[in-house]
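First up is the structure itself, then whatever we jot down about it.
The values are calculated or read from the model by the stated rules, or taken from the named source; none is laboratory data. Just so it is clear, the structure is predicted and the values come from calculations on it, not from any experiment. Cβ placement follows ideal geometry from the backbone for every residue including glycine, while neighbour counts extend to all protein chains displayed. Heavy atoms of the whole protein, side chains included, go into the accessibility calculation; ligands, DNA and RNA do not. Shrake-Rupley method; radii C 1.70, N 1.55, O 1.52, S 1.80 Å.
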Amino acid sequence: MSKIISTDEAPQAIGPYSQAVKSGGLLFLSGQIPLNKQGEMNDGDIEAKTRQVFKNIEAILAAENLSLSHVIKVNIYLVDIANFDTVNQVMSSLFTAPYPARALVQVSALPKASEVEVEIVAEAPESN
């Protein structure tokens with residue numbers, strides 16, 4: 001049985017989907033773009049936007065008493081692959097070894113003209 005996860009500490013879904021779904025000991029977070037919790041786009045550089053995305057992810061994880069240390073898979077979508085190094089630097093500042101598995105791909109466009117979107121899967125023990 002799955003459980004829908006939602007928090008006011010991260011932007012609300014902008015479509016027919018949930019912020020996250022917990023099922024079978026895993027937490028699946030929907031893709032996050034650099035919106036603040038009021039739903040306004042972060043207008044900073046790619047580093048600031050990436051940090052906003054991970055702030056949103058951390059807020060959703062916290063709703064289930066989880067942290068980035070529970071993340072086992074990260075999927076990153078960039079409009080410009082030239083931002084690869086910046087995203088790596090942000091991730092290096094947020095994660096410690098052992099690092100989660102990851103895919104990073106360039107895409108032609110993202111919702112709300114975002115430059116970056118990140119989705120994750122985290123371990124979510126049933127006791128949480």
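A compact table of results
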| item | result |
| --- | --- |
| Amide H contacts under 5 Å for Q32, placed H, 5+ residues apart | V118, E119 |
| Theoretical ellipticity at 222 nm over the chain - DSSP helices of four or more residues, -39500 (n - 2.57) apiece, nearest 500 | -7000 deg cm²/dmol |
| Surface accessible to a 1.4 Å probe, per residue, for the residues of the chain, Å² | 52 Å² |
| Three-way shape label, segment 30-84, alpha-carbon gyration tensor, a/c 1.5 | oblate |
| Computed label-point distance, nm, for sites T86 and E47 using a 7 Å Cα→Cβ extension | 0.9 nm |
| With every protein chain in place, segment 1-115: carbon and sulfur % of accessible area (1.4 Å) | 52 percent |
| Cα long-axis angle, helix 46-62 against the chain (0 to 90 degrees, to the nearest 10) | 10 degrees |
| Principal-axis tilt of helix 84-94 within the chain, Cα atoms, nearest 10 degrees | 40 degrees |
| Electrostatic dipole magnitude of the chain [Cβ: Lys, Arg +1; Asp, Glu -1; Cα centre; debye, to 20] | 260 debye |
| Reachable aspartates and glutamates, given that their alpha-carbon falls under 18 Å from the alpha-carbon of K49 and they are not under 8 places away in the same chain | E9, E40, E58, D80, D85, E115, E117, E119 |
| Heavy-atom accessible area order for T50, T7, largest first, 1.4 Å probe | T7, T50 |
| Spatial separation of Cα centroids for segment 72-93 and segment 1-71, in angstrom | 16 Å |
| Under 21 Å from K55, Cα to Cα: lysines that are on another chain or at least 8 residues apart | K22, K37, K73, K112 |
| Sum of side-chain charges, E126 neighbourhood, beta-carbon under 12 Å (Lys, Arg +1; Asp, Glu -1) | 0 |
